[in-house]
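Undergrad: Below you will find the structure I want to go over with you.
The values are calculated or read from the model by the stated rules, or taken from the named source; none is laboratory data. All values reported here derive from a predicted model rather than from experimental measurement. No Cβ is skipped: glycine too gets one built from the backbone with ideal geometry, and neighbour counts run over all protein chains shown.
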4 protein chains.
Amino acid sequence: MLVVMKAQATPEEIRAVCAHIEQLGYRAHPLPGAQRTAIGITGNKGEADRGNLESLPGVAEVIRVSKAYKLASRDVKEEDTVIRFAGSSAAIGGQDLAVIAGPCSIESREQAFAIAEHVAAAGARFFRGGAYKPRTSPYAFQGLGLEALRIMAEIRQTFGLRIVTEALDAETLDLVAEWADVIQIGARNMQNFSLLKRAGRLRKPVLIKRGMSATLEEFLMAAEYVMSEGNYEVILCERGVRTFSDHARNTLDLSIIPALQRASHLPILVDPSHGTGRRDSVLPMARAAVAAGADGVMVEVHNHPENALSDGPQSIYPDQFAGMMDEIERIAPVVGRHLPRGVHAAAAAQ
Amino acid sequence: MLVVMKAQATPEEIRAVCAHIEQLGYRAHPLPGAQRTAIGITGNKGEADRGNLESLPGVAEVIRVSKAYKLASRDVKEEDTVIRFAGSSAAIGGQDLAVIAGPCSIESREQAFAIAEHVAAAGARFFRGGAYKPRTSPYAFQGLGLEALRIMAEIRQTFGLRIVTEALDAETLDLVAEWADVIQIGARNMQNFSLLKRAGRLRKPVLIKRGMSATLEEFLMAAEYVMSEGNYEVILCERGVRTFSDHARNTLDLSIIPALQRASHLPILVDPSHGTGRRDSVLPMARAAVAAGADGVMVEVHNHPENALSDGPQSIYPDQFAGMMDEIERIAPVVGRHLPRGVHAAAAAQ
Amino acid sequence: MLVVMKAQATPEEIRAVCAHIEQLGYRAHPLPGAQRTAIGITGNKGEADRGNLESLPGVAEVIRVSKAYKLASRDVKEEDTVIRFAGSSAAIGGQDLAVIAGPCSIESREQAFAIAEHVAAAGARFFRGGAYKPRTSPYAFQGLGLEALRIMAEIRQTFGLRIVTEALDAETLDLVAEWADVIQIGARNMQNFSLLKRAGRLRKPVLIKRGMSATLEEFLMAAEYVMSEGNYEVILCERGVRTFSDHARNTLDLSIIPALQRASHLPILVDPSHGTGRRDSVLPMARAAVAAGADGVMVEVHNHPENALSDGPQSIYPDQFAGMMDEIERIAPVVGRHLPRGVHAAAAAQ
Amino acid sequence: MLVVMKAQATPEEIRAVCAHIEQLGYRAHPLPGAQRTAIGITGNKGEADRGNLESLPGVAEVIRVSKAYKLASRDVKEEDTVIRFAGSSAAIGGQDLAVIAGPCSIESREQAFAIAEHVAAAGARFFRGGAYKPRTSPYAFQGLGLEALRIMAEIRQTFGLRIVTEALDAETLDLVAEWADVIQIGARNMQNFSLLKRAGRLRKPVLIKRGMSATLEEFLMAAEYVMSEGNYEVILCERGVRTFSDHARNTLDLSIIPALQRASHLPILVDPSHGTGRRDSVLPMARAAVAAGADGVMVEVHNHPENALSDGPQSIYPDQFAGMMDEIERIAPVVGRHLPRGVHAAAAAQ
């Protein structure tokens, strides 16, 4: 930590701040500058609250140097985390691009199977579908719940796809952990710390979507909450942030990909569907995500988006999805990646 | 709803959109313009999903006209909601300004009582103190829990102050509802819809803090979630939003006060402590909030902020709090309000 | 400046950074921490570019400590700047609140005089009116130009009001400087450094509106540009910033008032008309600005806003303006201020 | 335009609004809804000011439907604009990717030639270098001015590179137009309408950088200003916007690429150097820009970034630039593009 003194701070005030720091058990290093004196602090373990220092007379600012995340940090683990799934060659992280595709909501067995067949044929290895939906309005469709989980379990059985679906609270977390392969924590719950801690006590991979106005550090702190309870299989997912920009529903912040890769060893996916909210923008942003170095993408696919019960305008058609797979497959080698195609894709291609 | 067609939309495309609208059971009203045709829709009940329409050929944009909130809307209830407390003249909403004050966290019985005595003496009628703390870091102080709730119940007993404290999840919600007078839902949980619905089934007032990047409509939809379950005693609280601005921890958005008062009948408070994150800015912003027409303020007060376990730099000193009370008391009549002083203030003044 | 090394930085890398710093003529102070080493730099004059340091191996981050603004800073001049006008008791800064009022655009002599009469009668001492308008569309009304400047000069003559109007470029700057009392630099030109420097070579007060996404530091650097050329009469004006928030045209950032007052000695006004874009919100925000400690307000007043050629929806009616004057007059003493009423107000009151 | 009435609006108020609309020479189409009545307006030419309507009793909101940009719009010109340069096969827009590269500032003839040789050898066809620099601080290096323009003219002569450089005001605009091939208008001047109009009267291509908080519509309106004066050769350049996000200097908003391509026929480039402010992020974002469909990229290259007089931390090394060229060349065909390599690249490769 660094304490910056005001230009007018007196020598007594500087001495008093140093004394206070030493009293807390740290060492103070006064650094007189042309305009102001700064005081370096060593010996703190990173958790020291800067609050008390900012209150002292003459102090202008306190600057924190250590990062609050540890287990999520590359400082602690240098090699990339790769998440694998028993009985499958599917992985998230590492050289293989991961593609998670499916409808916003599971609406019926027929709809889900029809879409799953398309995405499996195109080579996806992960299927997404909402069973419990966090809807802004209490009057909107809230998801089929357990029935949707059962349908997705059948889809895993039939198509060999791994299942990713969102949990909203303690109850749905236990159900999702039981039926799915990856537990999704939505953007609105990225700082629902009770839910994160509870997910940390499970032994299923957790995919955390970036909150709508979360900084990189807050995003990694959400991962840290899960990891601090012993669950190290965390996947990050950029899905756009809130800005003044009005040409898309959110502003997809792809530059967080290289920044996260410098700071953390966790895999990072991108959701261009929620990230843009517009079908026409999904393919360009999926390509851009892969080109920027993302570990994969998560997209909404619907066979009849015009009748979708939620998020129709951002769902792509099955043939668009197949086109996207071809495009990202061609971009993958430029970033040292490979797009594996699932078992069913191979079968379908024969 | 209004469907805006592209400039190049063909007459067939326009007819097809109209037919689609009529098929959904609504009436379509094509409005040819100089550049584009727009199609008005009547007969919808407000919940129609616009998704399907944006998918039709030739459609440029779909504009929603009805608001999604109903119970929270002034369209449904014109007169202001006033929340009263049995056995007390304290109220939130209406002519009396409500002042909620206390430490960020309850740290000990001594600390809490010392601060409560100060704020009661200065005339506050509500005491706030964190029992369960939503901390960005899993390694930071998480609150005293039930012990803190018990201390605050004693404070109510001793000083006649009504207690406001935050619930984080289902378990703490039940405990807070049992021990406190107002259940606070924090900014990070503003779209934790499970928690909001659960709070809606209780019969205690619920204070909802605005999410860090919530629009006015999303803020009122959070209230709607609580109200849709039958609990109509909802208090809104502006606490600053996330922007690029770096001179304060958040950007306090006071212009939401008149905007909310036009749209809704619910009371609106302002938290200048979290809203700025800087002690020096709390009093100016508390005065500004009252001058802008807020129904009251919520501020952090600490007798030793330099030793506070959380949010020290934004807590004001007891004498600053007393000064703030005097200032807002003088501003109150300009906006047709009155600052009632609690029983203990009267006693202290004698 | 402070250089923060990566956790894995080697002793050689740390030594190399120190050597580089010393080579630049500064002193390096290595501060080993629990996780990382930081290196304090002393002896720099504040202008050192941190660019080169961030390029060295092992460096994680470079933190600047000194502020770039000097003449605008309270470090350099502790007492508040008060701007006075020859032959008038009007002032901006100091104990008296300054009120600048008038139409968005001067549309005709009749319109301008009618509005000026109203605002003078209500006690304003400054009249604003656009002669040259920065319009987003090249097809929109661009202002009456020189004719408007002449009308305003007559208004000064007739009502004793000081004239504030915007300059857009070199040509209009010279004209505005010739005819008006205060030169306004609009938000869109806050970083038009050529214009700022040119304004700095004049000897007329310059009112700078905050750019739509300007930080406090950038705002003060715009003032610094003017001051660095020798013109020290600079007035700052907050007018709202761009955020995701959609209930107002901009988000009025009142907490910049106390922050600016800590950092700078320059007077700070608030424009609640552009700051909200909604007539209904102008009075609440004008009151809030004064309560927060602003040195005054700048508001748009129109006698027939429904026919205004620009910004009708945010212009208040003359009687609303009179009401606003009464309200801020009552709030002024709470913040140690006074609202002087102009000569014509006194005359009108008799 | 669409006028939305309040839920409580009376039939008289609705009739009055209709009468007002008809009086303005338009047609009013009342559309009674379940909750509110909306009134469609036809016959307006797109420039009607909505101001007056929002003032009428009972009106809740006025929604504009037509877009304000015309010449920049795809409604007016469906095919993509391609900008060509006499005596060169270089182009901006169309199938060929355009790459503009060079230092932030021209610092000396040696530096400029050394960098130009590198970027020409790697195949770039456009050279950028600042002659006039818009610096936040008046005390920072402001550029070499005319000397830099002369150096770049020599570079064009020697390497066949087309020259792109920024104009700050009327004087430098004329000089840049005389010496360079493309006139750059910087982000801070995107709404400097005087400068845009003046650039519109020249017959040199104008590259406009997106303002730090400009919406898509404002960005296109800046182009419209240039085009409305008769200069149709406008190039748009995304360079990141201001948000709360702190892991990069700006938030690069790549999703504006498909959105602009839907709305406009103008070419769109991306500047990942200013867009991220970090060398490590430039290549990932350059690849992402091309993958998203941009017409090219503009990047800062420096042979000794650690000694750069401005923006060192975001400049890439010559060998990184060569690597970037190879990467985007491989991505280009995925989006139906091709990366032409300049004459000197061919020569160098022999």
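Undergrad: Quick one: would you say residue A:163 is modelled with pLDDT of 95 or more, farther than 20 Å from residue A:223 by Cβ and in contact with an Asp or Glu (Cβ under 7 Å, 6 or more places away or on another chain)?
TA: Working: modelled with pLDDT of 95 or more: yes; farther than 20 Å from residue A:223 by Cβ: yes; in contact with an Asp or Glu (Cβ under 7 Å, 6 or more places away or on another chain): yes.
Spelling it out, residue A:163 is indeed modelled with pLDDT of 95 or more, farther than 20 Å from residue A:223 by Cβ and in contact with an Asp or Glu (Cβ under 7 Å, 6 or more places away or on another chain).
Undergrad: Could you please find all residues in the range D:61-109 being in a loop (DSSP other than H, G, I, E, B) and among the β-branched types (Val, Ile, Thr)? Quick ask: steps written out before the conclusion?
TA: First pass over the range D:61-109, keeping only residues in a loop (DSSP other than H, G, I, E, B): D:64-72, D:74-82, D:85-90, D:93-95, D:97, D:103-104, D:106-108.
Within the range D:61-109, D:65, D:76, D:81, D:82, D:106 qualify.
Undergrad: Could I ask something else about it? In this structure, does residue A:302 turn out to be crowded, with 24+ Cβ neighbours inside 10 Å and closer than 30 Å to residue B:24 by Cα?
TA: When the stated conditions are applied, residue A:302 passes them.
Undergrad: Pick from C:275, C:186, C:200, C:230: which is touching a strand residue (DSSP E or B) at 6+ places or on another chain (Cβ under 6 Å) and either in the same structural domain as residue C:97 (by TED's automatic domain parsing) or not basic (Lys, Arg) (or both)? Show your work before the answer.
TA: Details: C:275 fails: touching a strand residue (DSSP E or B) at 6+ places or on another chain (Cβ under 6 Å); C:200 fails: touching a strand residue (DSSP E or B) at 6+ places or on another chain (Cβ under 6 Å); C:230 fails: touching a strand residue (DSSP E or B) at 6+ places or on another chain (Cβ under 6 Å).
Residue meeting the stated conditions: C:186.
Undergrad: Same structure, new question: Which residue is modelled with the highest pLDDT, if the candidates are limited to the range A:70-121 and must be among the basic types (Lys, Arg) and more than 15 Å from residue A:182 (Cα to Cα)?
TA: Let us first name the residues in the range A:70-121 that are among the basic types (Lys, Arg), namely A:70, A:74, A:77, A:84, A:109.
Restricting the remaining residues to those that are more than 15 Å from residue A:182 (Cα to Cα) gives A:70, A:74, A:77, A:109.
Details: A:70: 87, A:74: 89, A:77: 88, A:109: 97.
Out of the qualifying residues, it is A:109.
Undergrad: Then there is this: Of (1) crowded, with 23+ Cβ neighbours inside 10 Å; (2) within 13 Å of another protein chain (Cβ to nearest Cβ), residue A:140 satisfies all except one. Which?
TA: The failed condition is (1).
Undergrad: Separate question: Does the range A:149-166 contain any residue that is buried (at least 20 other Cβ atoms within 10 Å of the Cβ), of a type in the set (Gly, Ala, Ser) and not in a strand (DSSP E or B)?
TA: no
Undergrad: Spot the failing condition for residue D:211; the list is (1) more than 21 Å from residue D:324 (Cβ to Cβ); (2) touching a Ser or Thr at 6+ places or on another chain (Cβ under 7 Å); (3) at pLDDT 95 or above; (4) part of a loop (DSSP other than H, G, I, E, B), and only one is missed.
TA: Against the list (1) more than 21 Å from residue D:324 (Cβ to Cβ); (2) touching a Ser or Thr at 6+ places or on another chain (Cβ under 7 Å); (3) at pLDDT 95 or above; (4) part of a loop (DSSP other than H, G, I, E, B), residue D:211 comes up short only on (2).
Undergrad: Restricting to the range B:223-240, name every residue that is among the hydroxyl-bearing types (Ser, Thr, Tyr) and not in a loop (DSSP other than H, G, I, E, B). Break it down stepwise before answering.
TA: Of the range B:223-240, the ones among the hydroxyl-bearing types (Ser, Thr, Tyr) are B:225, B:228, B:232.
If the condition is that a residue be among the hydroxyl-bearing types (Ser, Thr, Tyr) and not in a loop (DSSP other than H, G, I, E, B), then B:225 is the only one that fits.
Undergrad: Could you please let me know if residue D:125 is surrounded by fewer than 24 Cβ atoms within 10 Å (Cβ to Cβ) and either over 30 Å from residue C:139 (Cβ atoms) or of a type outside the set (Asp, Glu) (or both)? Step through it out loud before you land on a result.
TA: Numbers: surrounded by fewer than 24 Cβ atoms within 10 Å (Cβ to Cβ): no; either over 30 Å from residue C:139 (Cβ atoms) or of a type outside the set (Asp, Glu) (or both): yes.
No.
Undergrad: Further, regarding this structure: Among what's in the range B:216-237 and is away from chain C (no Cβ under 11 Å) and among the acidic types (Asp, Glu), pick the residue that is surrounded by the most Cβ atoms within 10 Å (Cβ to Cβ).
TA: If we take residues in the range B:216-237 being away from chain C (no Cβ under 11 Å) and among the acidic types (Asp, Glu), then B:224 is surrounded by the most Cβ atoms within 10 Å (Cβ to Cβ).
Undergrad: Of the numbered conditions (1) over 30 Å from residue A:217 (Cβ atoms); (2) in contact with a strand residue (DSSP E or B) (Cβ under 9 Å, 6 or more places away or on another chain); (3) within 14 Å of chain A (Cβ to nearest Cβ); (4) hydrophobic (A, V, I, L, M, F, W, C), residue B:173 satisfies every one except a single condition; which is it?
TA: So residue B:173 meets the others, but not (1).
Undergrad: Shifting gears a bit: Looking only at the range B:298-311, filter to residues that are in contact with a helix residue (DSSP H, G or I) (Cβ under 6 Å, 6 or more places away or on another chain), of a type outside the set (A, V, I, L, M) and touching a residue at least 24 places away in the same chain (Cβ under 8 Å); which one of those is nearest to residue C:335 (Cα to Cα)?
TA: The residue in question is B:300.
Undergrad: Going residue by residue through the range C:39-48, is there one that turns out to be surrounded by fewer than 19 Cβ atoms within 10 Å (Cβ to Cβ), in contact with a helix residue (DSSP H, G or I) (Cβ under 8 Å, 6 or more places away or on another chain), charged (D, E, K, R) and at pLDDT below 80?
TA: no
Undergrad: For a quick check of your reading of the model, give me the residue pairs whose first member lies in the range D:70-84 and is over 13 Å from residue D:233 (Cα atoms) and among the small types (Gly, Ala, Ser), whose second is at pLDDT 90 or above and not in a strand (DSSP E or B), with beta-carbon atoms closer than 9 Å and at least 6 apart or on different chains.
TA: Every condition considered, the pairs that remain are D:73/D:220; D:73/D:224; D:73/D:263; D:73/D:265.
Undergrad: Hey, residue B:74 hits all of (1) within 26 Å of residue B:24 (Cβ to Cβ); (2) away from chain A (no Cβ under 13 Å); (3) surrounded by 17 or more Cβ atoms within 10 Å (Cβ to Cβ) but one; which does it fall short on?
TA: (1)
Undergrad: Scan the range B:238-245 and give yes if some residue there is hydroxyl-bearing (Ser, Thr, Tyr), without any contact (Cβ under 8 Å) to a residue 60 or more places away in the chain, in contact with a helix residue (DSSP H, G or I) (Cβ under 7 Å, 6 or more places away or on another chain) and closer than 24 Å to residue B:305 by Cβ, otherwise no.
TA: Here is the first cut: in the range B:238-245, the residues hydroxyl-bearing (Ser, Thr, Tyr) are B:243, B:245.
The next check asks that each one be without any contact (Cβ under 8 Å) to a residue 60 or more places away in the chain; those that pass are B:243, B:245.
Those still in the list that are in contact with a helix residue (DSSP H, G or I) (Cβ under 7 Å, 6 or more places away or on another chain) too: none.
No, there is no match, as no residue in the range B:238-245 is hydroxyl-bearing (Ser, Thr, Tyr), without any contact (Cβ under 8 Å) to a residue 60 or more places away in the chain, in contact with a helix residue (DSSP H, G or I) (Cβ under 7 Å, 6 or more places away or on another chain) and closer than 24 Å to residue B:305 by Cβ.
Undergrad: Can residue C:230 be described as touching a residue at least 12 places away in the same chain (Cβ under 8 Å), at positive phi and touching a Lys or Arg at 6+ places or on another chain (Cβ under 8 Å)?
TA: Details: touching a residue at least 12 places away in the same chain (Cβ under 8 Å): yes; at positive phi: yes; touching a Lys or Arg at 6+ places or on another chain (Cβ under 8 Å): yes.
Yes: the conditions hold for residue C:230.
Undergrad: Something else now. Among the numbered criteria (1) over 20 Å from the mean Cα position of the chain (by Cα); (2) at pLDDT 95 or above; (3) not charged (D, E, K, R), which single criterion is violated by residue C:309?
TA: Checking residue C:309 against (1) over 20 Å from the mean Cα position of the chain (by Cα); (2) at pLDDT 95 or above; (3) not charged (D, E, K, R), the one that fails is (2).
Undergrad: Restricting to the range A:4-14, count the residues that are more than 14 Å from chain C (Cβ to nearest Cβ) and surrounded by 13 or more Cβ atoms within 10 Å (Cβ to Cβ).
TA: Within the range A:4-14, residues that are more than 14 Å from chain C (Cβ to nearest Cβ) and surrounded by 13 or more Cβ atoms within 10 Å (Cβ to Cβ) number 1.
Undergrad: Are any of the residues in the range D:273-293 closer than 23 Å to residue A:277 by Cβ and basic (Lys, Arg)?
TA: Scanning the range D:273-293, I find no residue that is closer than 23 Å to residue A:277 by Cβ and basic (Lys, Arg), so the answer is no.
Let's see how each residue does on (1) in contact (Cβ under 8 Å) with a residue 24 or more places away in the chain; (2) among the aromatic types (Phe, Trp, Tyr); (3) touching a Phe, Trp or Tyr at 6+ places or on another chain (Cβ under 7 Å):
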position: A:139; (1), (2), (3): no, yes, no
position: A:151; (1), (2), (3): yes, no, no
position: A:162; (1), (2), (3): yes, no, yes
position: A:182; (1), (2), (3): yes, no, no
position: A:187; (1), (2), (3): yes, no, no
position: A:191; (1), (2), (3): yes, no, no
position: A:199; (1), (2), (3): yes, no, no
position: A:219; (1), (2), (3): yes, yes, no
